[in-house]
């Protein structure tokens, strides 16, 4: 993985909690451009019935971030 990929993945990881909060408020349009596509490509989110939801991978990353925040 090159430095750009590492940096992008880090940015996506840091933004994931806020992105999930936006999904919960039905404000996916406020997630930064390109992030949804990247989340889906990384298998952190998936399309389901016309909406987005976290995958198990995405949930695990959120849990890991919560542990680090403590």
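Coordinate-derived values only; no laboratory data. Everything quoted here is computed from the prediction, not taken from an experiment. As a convention, Cβ positions derive from the backbone with ideal geometry for all residues, glycine included, and neighbour counts pool all protein chains shown.
Within the range 46-66, the set of residues being assigned to a strand (DSSP E or B) and surrounded by fewer than 13 Cβ atoms within 10 Å (Cβ to Cβ) comprises 47, 48, 51.
Listed by first and then second residue, the pairs with beta-carbon distance under 7 Å, at least 6 apart or on different chains, first residue in the range 41-58 and without any contact (Cβ under 8 Å) to a residue 12 or more places away in the chain, second surrounded by 10 or more Cβ atoms within 10 Å (Cβ to Cβ) and in a strand (DSSP E or B), are 46/53.
Set side by side, the residues 32, 17 differ, and just one is surrounded by 12 or more Cβ atoms within 10 Å (Cβ to Cβ) and in a loop (DSSP other than H, G, I, E, B), which is 32. One residue stands out among those in the range 36-45 that are in contact with a helix residue (DSSP H, G or I) (Cβ under 6 Å, 6 or more places away or on another chain) and outside any loop (DSSP other than H, G, I, E, B): the one that is farthest from residue 10 (Cα to Cα), which is 45.
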